[in-house]
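The values are calculated or read from the model by the stated rules, or taken from the named source; none is laboratory data. Nothing here was measured: the structure is a model prediction, and the numbers come from that model. Heads up, the Cβs are rebuilt from the backbone with ideal geometry, glycines too, and the neighbour counts pull from every protein chain shown. For the accessible areas, the whole protein counts, side chains as well, though only heavy atoms, and no ligand, DNA or RNA atoms are used. Shrake-Rupley method; radii C 1.70, N 1.55, O 1.52, S 1.80 Å.
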Amino acid sequence: MEDSYRHKGMRRLLAKKLAEKGIQDAQVLEAIAQVPRHIFLDPAFVEQAYQDKAFPIGEGQTISQPYTVAVQSQLLEIKKGDKVLEIGTGSGYQACVLHFLGAKVYTIEYNKALFLKTSRLLKSLGYSMQFYHGDGSQGWPSFAPYDKIIVTAGAPSVPHKLMEQLAPKGILVIPVGDGAKQCMLKIVRHENGTFTKEEFGDFRFVPLLGKDGWPRA
Ligand code: SAM
């Protein structure tokens with residue numbers, strides 16, 4: 001799909017808006033300004049791609065709001081070469097933002113149709129990352145430990161398997177709460193094996209399903 005000067009201009013404006021909303025990490029703002037969000041949406045919705053809104057991507061799922069993507073990416077403090085596990089590939093946009101930030105991305109999607117669609121799209125665009133179809137509430141043990149883990153669906157509680165798969169000094173960013181709203185948590189695993197938790201406000205995500213998620217409706 002075409003990436004025109006108009007698209008690039010709209011992305012710059014979106015990054016400016018996110019800076020005004022409090023995003024301070026210059027690399028994250030640059031990722032928002034560079035990753036073409038419109039390619040992750042149906043061509044009919046190109047105009048909506050650069051609004052700061054979540055958007056349906058089919059299968060009852062959404063591409064997260066750019067502000068939410070920026071908050072989660074900023075909390076992860078990505079360094080070049082970090083091994084990052086994403087739970088909830090969805091459209092693939094967040095995965096591409098992580099890739100832009102220099103992460104080695106491992107991403108899991110539970111919905112088969114979305115997994116097939118997004119893994120094909122990103123491979124066709126030349127993105128090198130690892131895709132897995134399965135229950136991300138159990139992590140991806142074969143490649144653990146991860147420097148960073150990001151969950152992009154609302155969890156009822158913090159899955160133990162994700163904490164276990166975090167490397168020393170690792171960071172897990174996960175929204176936890178009920179169906180109506182979830183609090184964004186940043187959990188750090190210290191070198192002595194202890195964990196600390198900080199809260200970063202309320203958000204609204206589609207539910208994390210699976211063994212340590214919510215039961216299917
Ligand atoms: N990161 C996505 C993006 O950039 O478009 C947005 C993700 S969407 C808000 C949440 C995704 O999590 C949905 O695609 C949903 O199917 C997926 N999901 C829900 N439960 C899951 C689980 N247990 N494991 C993996 N993916 C899951």
Task: Sequence-distant lysines (8 or more away, or on other chains) whose Cα lies within less than 20 Å of LYS112 - done: LYS123, LYS211
Open item on the list: Quick check on the stretch 63-114: what does the Kirkwood estimate of hydrodynamic radius come out to from the alpha carbon pairs, in Å?
Closed with: 11.2 Å
TODO: Mind pulling the per residue volume of the convex hull built on the Cα atoms of the stretch 152-211? Å³ is fine.
DONE: 71 Å³
Task: Candidates PRO66, PRO207, PRO168, ranked by Gaussian network fluctuation over the chain, Cα under 10 Å, top entry - done: PRO168
- [ ] For the chain, count all C-alpha to C-alpha pairs, find those more than 31 Å apart, and express that count as a whole percent of the total.
- [x] 13 percent
- [ ] With the full set of protein chains in place, find how many percent of the accessible area of the stretch 84-217 is carbon and sulfur; take the probe as 1.4 Å.
- [x] 54 percent
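Please calculate how many Å² of accessible area the chain carries per residue, with a 1.4 Å probe and no DNA, RNA or ligand atoms counted.
On the way: 10430 Å² over 217 residues.
For the chain, the solvent-accessible area averages 48 Å² per residue.
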Task: Kirkwood-Stokes translational diffusion coefficient of the stretch 46-160, alpha-carbon pairs, 20 °C, 1.002 mPa s, µm²/s - done: 149 µm²/s
TODO: Give me the distance in nm between label points sitting 7 Å out from Cα along the Cα-to-Cβ direction at GLU191 and ALA217, one decimal.
DONE: 4.7 nm
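Could you size up the charge dipole of the chain around its Cα centre, putting +1 on the beta carbon of Lys and Arg and -1 on that of Asp and Glu, and report it in debye to the nearest 20?
Details: 27 positive and 22 negative charges, 63 e Å.
Dipole of the chain, to the nearest 20 debye: 300 debye.
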- [ ] Collect residues whose amide H, placed 1.01 Å from N in the peptide plane, falls under 5 Å from the amide H of GLY154; neighbours closer than 5 in sequence don't count.
- [x] PHE205, VAL206, LEU208
Task: the stretch 29-142: antiparallel DSSP beta bridges as a percent of all, rounded to 5 - done: 25 percent
TODO: Please report the relative contact order for the stretch 1-145, taking Cα pairs under 8 Å with a sequence separation of at least 6, and give it as a percent rounded to a whole number.
DONE: 18 percent
Task: Inter-label distance for HIS133 and LYS112, nm, one decimal - labels placed 7 Å from Cα along Cα-to-Cβ - done: 0.6 nm
Open item on the list: Based on DSSP loop calls and a cut-off of at most 13 other Cβ atoms within 10 Å, the longest stretch of the chain free of exposed trypsin sites (Lys or Arg not before Pro) is what?
Closed with: 81-180
Open item on the list: If you restrict to DSSP beta bridges whose two residues both lie in the chain, what percentage is antiparallel, to the nearest 5?
Closed with: 45 percent
- [ ] Can you find, among ILE174, GLY58, VAL188, the residue farthest towards the positive end of the dipole of the chain? Put +1 on the C-beta of Lys and Arg, -1 on that of Asp and Glu.
- [x] GLY58
Task: Within straight-line cross-link reach of LYS169, aspartates and glutamates at Cα separation under 19 Å, skipping those fewer than 8 residues along the same chain - done: GLU77, ASP82, GLU86, ASP147, GLU191, GLU198, GLU199
Task: Listed residues SER124, SER64, SER91, most fluctuating in the chain (Gaussian network, C-alpha, under 10 Å) - done: SER124
TODO: Estimate the FRET efficiency between GLU77 and LYS53 by the formula 1/(1 + (r/R0)^6), using the beta-carbon distance for r and 22 Å for R0, to the nearest 0.05.
DONE: 0.25
